[in-house]
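One structure below.
The values are calculated or read from the model by the stated rules, or taken from the named source; none is laboratory data. Every value quoted in this text rests on a predicted model; they were computed, and no experiment measured them. In this analysis, Cβ positions are derived from the backbone assuming ideal geometry, glycine residues included, and neighbour counts consider all displayed protein chains.
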Amino acid sequence: MSLVEMHNIHKTFGAVKALDGVDLQIDAGEVVGLVGDNAAGKSTLMKVLSGAYTADTGTVHTNGKVEMVYQDLALADNLDVTANIYMGREKLAGPFLDNKGMEGEVRKLINRLRIDIADIRQLVATLSGGQRQAVAVGRAMAFDAQLVILDEPTASLSPEAAEHVLDLIRTLKGHGIAVILINHRTDEVKRVADRMVTMRHGKIISDAPVGAPTCDGLSH
(Lines give C-alpha, C1' and ligand atoms only; values in the text may rest on other atoms or scores of the structure.)
Protein backbone atom coordinates (compact mmCIF):
# COMPACT_ATOMS: atom_id res chain seq x y z
CA MET A 1 0.00 0.00 0.00
CA SER A 2 1.18 3.53 -0.75
CA LEU A 3 1.80 5.98 2.07
CA VAL A 4 -1.04 8.19 0.78
CA GLU A 5 -3.93 7.45 -1.56
CA MET A 6 -6.43 10.19 -2.41
CA HIS A 7 -9.27 9.35 -4.79
CA ASN A 8 -11.80 11.64 -6.50
CA ILE A 9 -11.40 14.51 -4.04
CA HIS A 10 -13.93 17.33 -4.43
CA LYS A 11 -14.05 20.51 -2.34
CA THR A 12 -16.12 23.65 -2.86
CA PHE A 13 -16.27 26.94 -1.02
CA GLY A 14 -19.61 28.52 -1.86
CA ALA A 15 -19.67 28.83 -5.65
CA VAL A 16 -15.93 28.19 -5.98
CA LYS A 17 -14.89 24.66 -6.95
CA ALA A 18 -11.47 24.40 -5.28
CA LEU A 19 -10.90 20.69 -6.02
CA ASP A 20 -12.53 18.85 -8.88
CA GLY A 21 -12.01 15.09 -8.73
CA VAL A 22 -8.35 14.89 -7.70
CA ASP A 23 -6.45 11.58 -7.44
CA LEU A 24 -3.01 11.57 -5.80
CA GLN A 25 -0.72 8.80 -4.58
CA ILE A 26 2.46 9.24 -2.53
CA ASP A 27 4.96 6.50 -1.70
CA ALA A 28 7.18 6.31 1.38
CA GLY A 29 10.41 8.29 1.05
CA GLU A 30 9.22 10.05 -2.10
CA VAL A 31 9.66 13.79 -2.70
CA VAL A 32 6.82 15.20 -4.77
CA GLY A 33 6.76 18.77 -6.06
CA LEU A 34 3.27 20.29 -6.21
CA VAL A 35 3.12 23.29 -8.54
CA GLY A 36 0.50 25.49 -10.17
CA ASP A 37 -0.96 28.99 -10.12
CA ASN A 38 -2.24 30.64 -6.94
CA ALA A 39 -5.84 29.43 -7.32
CA ALA A 40 -4.91 25.97 -8.63
CA GLY A 41 -5.99 24.14 -5.46
CA LYS A 42 -2.58 23.05 -4.14
CA SER A 43 -2.96 24.25 -0.55
CA THR A 44 -6.60 23.14 -0.38
CA LEU A 45 -5.62 19.63 -1.47
CA MET A 46 -2.88 19.49 1.14
CA LYS A 47 -5.21 20.77 3.86
CA VAL A 48 -7.59 17.93 2.99
CA LEU A 49 -4.68 15.50 3.24
CA SER A 50 -3.50 16.88 6.59
CA GLY A 51 -7.03 16.89 8.02
CA ALA A 52 -7.42 20.66 8.26
CA TYR A 53 -10.26 20.46 5.71
CA THR A 54 -12.78 17.70 5.07
CA ALA A 55 -13.42 16.79 1.43
CA ASP A 56 -17.01 17.15 0.19
CA THR A 57 -16.65 13.78 -1.53
CA GLY A 58 -13.80 11.35 -2.16
CA THR A 59 -11.56 9.15 -0.02
CA VAL A 60 -8.24 9.73 1.74
CA HIS A 61 -6.16 6.81 3.03
CA THR A 62 -2.89 7.41 4.89
CA ASN A 63 -0.52 4.72 6.08
CA GLY A 64 1.38 6.93 8.50
CA LYS A 65 1.33 10.30 10.23
CA VAL A 66 1.09 13.46 8.11
CA GLU A 67 2.31 16.88 9.27
CA MET A 68 1.89 20.15 7.36
CA VAL A 69 4.30 23.08 7.77
CA TYR A 70 2.36 26.18 6.77
CA GLN A 71 3.92 29.15 5.07
CA ASP A 72 3.59 31.34 8.19
CA LEU A 73 5.37 28.56 10.19
CA ALA A 74 3.27 29.36 13.32
CA LEU A 75 6.38 29.79 15.46
CA ALA A 76 6.45 31.67 18.77
CA ASP A 77 9.24 34.25 18.49
CA ASN A 78 9.41 34.77 22.28
CA LEU A 79 10.21 31.08 22.92
CA ASP A 80 13.42 29.15 22.32
CA VAL A 81 13.98 26.35 19.81
CA THR A 82 13.10 23.55 22.22
CA ALA A 83 9.91 25.22 23.42
CA ASN A 84 8.77 25.74 19.82
CA ILE A 85 9.38 22.15 18.83
CA TYR A 86 7.41 20.85 21.83
CA MET A 87 4.79 23.65 21.86
CA GLY A 88 1.43 22.16 22.81
CA ARG A 89 2.96 18.69 23.27
CA GLU A 90 5.32 19.29 26.19
CA LYS A 91 6.88 16.39 28.09
CA LEU A 92 6.35 16.23 31.85
CA ALA A 93 8.44 14.80 34.67
CA GLY A 94 5.85 14.47 37.39
CA PRO A 95 4.03 17.80 37.74
CA PHE A 96 6.86 19.77 36.09
CA LEU A 97 8.08 20.30 32.56
CA ASP A 98 10.82 17.85 31.63
CA ASN A 99 13.12 20.52 30.20
CA LYS A 100 16.22 18.34 30.28
CA GLY A 101 14.45 15.49 28.51
CA MET A 102 13.01 17.79 25.84
CA GLU A 103 16.36 19.48 25.24
CA GLY A 104 18.07 16.11 24.86
CA GLU A 105 15.50 14.97 22.28
CA VAL A 106 15.79 18.25 20.36
CA ARG A 107 19.59 17.98 20.21
CA LYS A 108 19.27 14.46 18.79
CA LEU A 109 16.68 15.64 16.28
CA ILE A 110 18.79 18.59 15.13
CA ASN A 111 21.82 16.34 14.71
CA ARG A 112 19.81 13.74 12.79
CA LEU A 113 18.38 16.37 10.42
CA ARG A 114 21.73 18.20 10.21
CA ILE A 115 20.12 21.51 11.16
CA ASP A 116 22.63 24.32 11.68
CA ILE A 117 21.56 25.72 15.06
CA ALA A 118 24.30 25.97 17.67
CA ASP A 119 22.16 26.80 20.73
CA ILE A 120 18.72 25.24 21.19
CA ARG A 121 18.03 27.76 23.96
CA GLN A 122 18.24 30.54 21.38
CA LEU A 123 15.03 32.52 20.88
CA VAL A 124 13.38 31.75 17.55
CA ALA A 125 13.11 35.52 16.92
CA THR A 126 16.91 35.64 16.54
CA LEU A 127 17.13 32.85 13.94
CA SER A 128 17.59 33.27 10.20
CA GLY A 129 14.77 32.48 7.79
CA GLY A 130 16.29 29.13 6.87
CA GLN A 131 16.78 28.20 10.53
CA ARG A 132 13.17 29.11 11.33
CA GLN A 133 11.97 26.89 8.50
CA ALA A 134 14.16 24.09 9.88
CA VAL A 135 12.64 24.48 13.36
CA ALA A 136 9.15 24.18 11.88
CA VAL A 137 10.18 21.02 10.02
CA GLY A 138 11.86 19.72 13.17
CA ARG A 139 8.59 20.18 15.08
CA ALA A 140 6.82 18.04 12.47
CA MET A 141 9.54 15.39 12.65
CA ALA A 142 9.66 15.28 16.45
CA PHE A 143 6.42 13.32 16.50
CA ASP A 144 7.24 10.61 13.95
CA ALA A 145 5.67 12.03 10.80
CA GLN A 146 6.07 9.77 7.77
CA LEU A 147 5.04 12.60 5.42
CA VAL A 148 5.88 16.28 5.76
CA ILE A 149 4.04 18.85 3.62
CA LEU A 150 6.00 22.08 3.07
CA ASP A 151 4.00 25.08 1.85
CA GLU A 152 6.29 27.45 -0.12
CA PRO A 153 9.20 26.92 2.30
CA THR A 154 11.67 29.05 0.33
CA ALA A 155 9.30 31.86 -0.70
CA SER A 156 10.87 34.62 1.41
CA LEU A 157 14.39 33.21 1.77
CA SER A 158 17.71 34.25 0.29
CA PRO A 159 19.28 31.81 -2.20
CA GLU A 160 21.69 30.62 0.50
CA ALA A 161 18.92 30.01 3.06
CA ALA A 162 16.78 28.33 0.40
CA GLU A 163 19.65 25.93 -0.32
CA HIS A 164 19.69 24.91 3.34
CA VAL A 165 15.98 24.08 3.12
CA LEU A 166 16.56 21.98 -0.01
CA ASP A 167 19.35 20.16 1.84
CA LEU A 168 16.91 19.50 4.69
CA ILE A 169 14.44 17.98 2.21
CA ARG A 170 17.21 15.71 0.89
CA THR A 171 18.00 14.67 4.47
CA LEU A 172 14.35 13.84 5.15
CA LYS A 173 14.27 11.69 2.02
CA GLY A 174 17.45 9.97 3.19
CA HIS A 175 15.63 8.99 6.39
CA GLY A 176 12.75 7.52 4.39
CA ILE A 177 10.41 10.45 5.06
CA ALA A 178 8.11 11.47 2.21
CA VAL A 179 7.89 15.19 1.38
CA ILE A 180 5.31 17.14 -0.60
CA LEU A 181 6.86 20.44 -1.64
CA ILE A 182 4.43 23.19 -2.67
CA ASN A 183 6.57 25.65 -4.57
CA HIS A 184 6.30 28.22 -7.35
CA ARG A 185 10.02 27.84 -8.09
CA THR A 186 10.02 24.86 -10.43
CA ASP A 187 13.82 25.01 -10.73
CA GLU A 188 14.06 24.23 -7.00
CA VAL A 189 11.43 21.50 -7.26
CA LYS A 190 13.35 19.79 -10.05
CA ARG A 191 16.53 19.76 -7.94
CA VAL A 192 15.01 17.75 -5.07
CA ALA A 193 11.79 16.08 -6.26
CA ASP A 194 11.23 12.64 -7.73
CA ARG A 195 7.94 13.69 -9.35
CA MET A 196 6.29 16.95 -10.28
CA VAL A 197 2.51 17.25 -9.99
CA THR A 198 0.95 20.28 -11.70
CA MET A 199 -2.51 21.57 -10.78
CA ARG A 200 -4.81 23.98 -12.60
CA HIS A 201 -8.39 24.98 -11.70
CA GLY A 202 -8.70 22.28 -9.05
CA LYS A 203 -7.48 19.44 -11.23
CA ILE A 204 -4.16 17.64 -11.69
CA ILE A 205 -3.13 18.24 -15.30
CA SER A 206 0.28 16.57 -15.13
CA ASP A 207 1.97 13.99 -12.90
CA ALA A 208 5.35 12.84 -14.16
CA PRO A 209 8.87 11.98 -12.97
CA VAL A 210 11.21 14.95 -12.85
CA GLY A 211 13.20 15.02 -16.05
CA ALA A 212 10.54 13.21 -18.10
CA PRO A 213 9.42 14.96 -21.32
CA THR A 214 5.88 15.20 -19.91
CA CYS A 215 7.03 16.79 -16.63
CA ASP A 216 5.09 20.06 -16.69
CA GLY A 217 6.05 23.19 -14.81
CA LEU A 218 4.47 26.62 -14.99
CA SER A 219 5.38 27.23 -18.60
CA HIS A 220 1.77 27.10 -19.78
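Restricting attention to segment 147-165, does a residue exist that is in contact with a helix residue (DSSP H, G or I) (Cβ under 7 Å, 6 or more places away or on another chain), assigned to a strand (DSSP E or B), of a type outside the set (A, V, I, L, M) and closer than 30 Å to Ala76 by Cα? Yes, some residue in segment 147-165 is in contact with a helix residue (DSSP H, G or I) (Cβ under 7 Å, 6 or more places away or on another chain), assigned to a strand (DSSP E or B), of a type outside the set (A, V, I, L, M) and closer than 30 Å to Ala76 by Cα. Being closer than 29 Å to Ala15 by Cβ and surrounded by fewer than 17 Cβ atoms within 10 Å (Cβ to Cβ) is the filter here; which residues of segment 159-199 pass it? His184 - this is the single residue of segment 159-199 that is closer than 29 Å to Ala15 by Cβ and surrounded by fewer than 17 Cβ atoms within 10 Å (Cβ to Cβ).
Can you confirm whether segment 62-77 contains a residue that is under 19 Å from Val197 (Cα atoms) and basic (Lys, Arg)? No: zero hits. Restricting segment 41-76 to residues that are of a type in the set (D, E, K, R) and within 22 Å of Asp20 (Cα to Cα), the residue that is surrounded by the most Cβ atoms within 10 Å (Cβ to Cβ) is Lys42.
Among the residues of segment 169-176, is any basic (Lys, Arg), in contact with an Asp or Glu (Cβ under 9 Å, 6 or more places away or on another chain) and in a helix (DSSP H, G or I)? Checked against the condition, which is being basic (Lys, Arg), in contact with an Asp or Glu (Cβ under 9 Å, 6 or more places away or on another chain) and in a helix (DSSP H, G or I), segment 169-176 yields at least one hit. Considering only segment 178-197, I want to know if a residue exists there that is touching a residue at least 24 places away in the same chain (Cβ under 8 Å) and closer than 19 Å to Ile85 by Cβ. Checking segment 178-197: at least one residue is touching a residue at least 24 places away in the same chain (Cβ under 8 Å) and closer than 19 Å to Ile85 by Cβ. Just checking, does segment 97-117 include any residue being in contact (Cβ under 8 Å) with a residue 12 or more places away in the chain, among the polar types (S, T, N, Q) and within 20 Å of Ile182 (Cα to Cα)? So far as segment 97-117 goes, no, none of its residues is in contact (Cβ under 8 Å) with a residue 12 or more places away in the chain, among the polar types (S, T, N, Q) and within 20 Å of Ile182 (Cα to Cα). Evaluate the following for Gly21: is it within 22 Å of Gly211 (Cα to Cα), out of contact with any Cys (no Cβ under 6 Å at 6 or more places or on another chain) and either small (Gly, Ala, Ser) or in a helix (DSSP H, G or I) (or both)? No.
One residue alone among Leu79, Leu92 is surrounded by fewer than 13 Cβ atoms within 10 Å (Cβ to Cβ) and over 27 Å from Gly176 (Cβ atoms), and that residue is Leu92.
Of the residues Leu109, Leu150, the single one that is at pLDDT 90 or above, surrounded by 13 or more Cβ atoms within 10 Å (Cβ to Cβ) and closer than 25 Å to Ala40 by Cβ is Leu150.
Residues considered: Glu5, Glu30. Of these, the only one that is within 25 Å of Gly174 (Cα to Cα), touching a His at 6+ places or on another chain (Cβ under 7 Å) and either of a type outside the set (Asp, Glu) or at pLDDT 90 or above (or both) is Glu5.
For segment 91-137, a residue qualifies if it is assigned to a helix (DSSP H, G or I), small (Gly, Ala, Ser) and more than 22 Å from the chain's Cα centre (by Cα), and the qualifying residues are Gly101, Gly104. Pairs are defined by a Cβ separation below 9 Å, a sequence spacing of at least 6 or placement on different chains, a first member in segment 201-220 that is on the phi > 0 side of the Ramachandran plot and modelled with pLDDT of 95 or more, and a second member that is among the charged types (D, E, K, R) and surrounded by fewer than 17 Cβ atoms within 10 Å (Cβ to Cβ); the pairs so defined are His201/Lys17; His201/Asp20; His201/Asp37; Gly202/Lys17; Gly202/Asp20.
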